[in-house]
Amino acid sequence: MLVSAERGRITKIDAGKVSRGEFFTTDSAWLNKPVRKFLSEAFAASPVALDPFAGDGHLLHLVAAEFGVAIQGFDIASKHWPKNDSLKKIANPAGAVIITNPPYLANHSAKRKGVDSLVAKYFAKGFDNLYKLALDRSLAVADYVVAIVPETFLLSSFDKSRLQLVSVIEGDLFSDTEAPAVVACFGPTAKKSQVFVNNKKIGELDALLALRKFSNYKKSVIHFNVAAGRIGLRAVDSSDGVTPIAFMLAKDFKYAAGKVSHSSRLMTYVEMPNLSDAQIAEVIRIANERLASIRGESQDLVLAPFKGNDKNGKRRRRLDYALAREILNFAARQNV
Ligand SMILES: C[S@@+](CC[C@H](N)C(=O)[O-])C[C@H]1O[C@@H](n2cnc3c(N)ncnc32)[C@H](O)[C@@H]1O
């Protein structure tokens, strides 16, 4: 048992459990209508399911009961399955459909939690999170891979050419973590990936991601993290459920300018030195409108999740500065 002192709080850490990304999928909400349809087609091609990170086998037992398929598992630590380091290599001679919830562990978290020596060999492969290495290993040996992965996968640069369907799960899937998750379904060939929120289709992934890049306009001068900036930016939804991400006049932003530093990412002030005060006010108005339309059209998926849900049960989001810059630039070009 390690002890980690993070932000002044002392937490006990089970190093083995943390380094194995060990938390189990105790809820069956991941097997919703679109995922079920995808799996029916995959099992028609190969009626065997394999979880190379099987843990207690929750996923396998569910698909065995629902689809009547044969099951096979590996794990590095569980007594229920043959031992295998599946982050190194997965044997899949039968061409089984891989269904898994692999270990999640970001490189920076491994360092912060003091378990990096246990997992350094995996990060040497160049991925910044263990689940990406697990996906890469799985895709190398299976035509069909259904994986429960963090929602941030959608905004990551991981190769999504074989991704055919994504289902965002609202609700907690796991026994002891609230990590927002999606079910990513990969097939044997490249296809446009369809995105669902639970059972509801909301569009194609490419079209949703394109909402992040909309201005081919000449770039305005925009400086972030300037204490004397005339634009206040609350870049996260507050937990109270009534104070969402917003641009506002600095004088209306109740945030101490002295707290802003070069590394601020959540609350800050922004300056656009080439604009008059009247133009700044107009930019703020247009930027908030644009943000609202992007949030609506993408059902918030173009924004990264931030620390669980608000008081109304809605997932909180963070606006990264790349997108904030895009929005401000767009607003400035409408305005001047
Ligand atoms: C997030 S849990 C998920 C377990 C199961 N798939 C589920 O959904 O309930 C990840 C599992 O991967 C196993 N694991 C971690 N690193 C592994 C490795 N290198 N090779 C094989 N299994 C590993 C852990 O022991 C743990 O049981």
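Some observations on this one:
- Only a single criterion out of (1) under 28 Å from the mean Cα position of the chain (by Cα); (2) modelled with pLDDT under 95 is not satisfied by Asn335, namely (1).
- Screening Pro52 with (1) open to solvent by 70 Å² or more (accessible area, probe 1.4 Å); (2) closer than 21 Å to Gly187 by Cβ; (3) within 9 Å of the ligand (Cβ to nearest atom) gives one miss only, at (1).
- Looking across region 134-157, just one residue is of a type in the set (Phe, Trp, Tyr) and open to solvent by less than 10 Å² (accessible area, probe 1.4 Å), and that is Phe153.
- The C-beta contact set for region 14-38 (first residue within 17 Å of Ile76 (Cβ to Cβ) and more than 10 Å from the ligand (Cβ to nearest atom), second residue modelled with pLDDT of 80 or more and part of a loop (DSSP other than H, G, I, E, B), distance under 8 angstrom, 6+ apart or interchain) comprises Ala15/Lys113; Ala15/Gly114; Ala15/Val115; Val18/Leu105; Val18/Lys113; Val18/Val115.
Residue by residue, here is whether (1) open to solvent by 30 Å² or more (accessible area, probe 1.4 Å); (2) in contact (Cβ under 8 Å) with a residue 24 or more places away in the chain holds:
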{"position": "Arg212", "(1), (2)": "yes, yes"}
{"position": "Val221", "(1), (2)": "yes, yes"}
{"position": "Gly229", "(1), (2)": "no, yes"}
{"position": "Asp252", "(1), (2)": "yes, no"}
{"position": "Leu266", "(1), (2)": "yes, yes"}
{"position": "Ile280", "(1), (2)": "no, yes"}
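- Of the listed requirements (1) on the phi > 0 side of the Ramachandran plot; (2) open to solvent by less than 20 Å² (accessible area, probe 1.4 Å), Gly68 misses just one: (2).
- Of the residues screened, Val63 is not one that is of a type outside the set (Gly, Ala, Ser), within 12 Å of the ligand (Cβ to nearest atom), buried (at least 16 other Cβ atoms within 10 Å of the Cβ) and at pLDDT below 95.
- In region 22-41, of all residues being assigned to a loop (DSSP other than H, G, I, E, B), at pLDDT 75 or above and in contact with a helix residue (DSSP H, G or I) (Cβ under 7 Å, 6 or more places away or on another chain), the one that is nearest to Leu163 (Cα to Cα) corresponds to Leu31.
- Residues satisfying the stated conditions in region 74-103, i.e. of a type in the set (A, V, I, L, M, F, W, C) and either within 11 Å of the ligand (Cβ to nearest atom) or open to solvent by 20 Å² or more (accessible area, probe 1.4 Å) (or both): Phe74, Ile76, Ala77, Trp81, Leu87, Ile90, Ala91, Ala94, Ile98, Ile99
- For region 286-329, a tally of residues being open to solvent by 10 Å² or more (accessible area, probe 1.4 Å), among the small types (Gly, Ala, Ser) and assigned to a helix (DSSP H, G or I) returns 4.
The values are calculated or read from the model by the stated rules, or taken from the named source; none is laboratory data. Since the structure is predicted, the reported quantities are computational estimates derived from the model, not experimental observations. Ideal geometry is used to build each Cβ from the backbone, glycine not excepted, and the neighbour counts take in all protein chains shown. We work out accessible area using only protein heavy atoms, side chains counted, and drop any ligands, DNA or RNA first. Shrake-Rupley method; radii C 1.70, N 1.55, O 1.52, S 1.80 Å.
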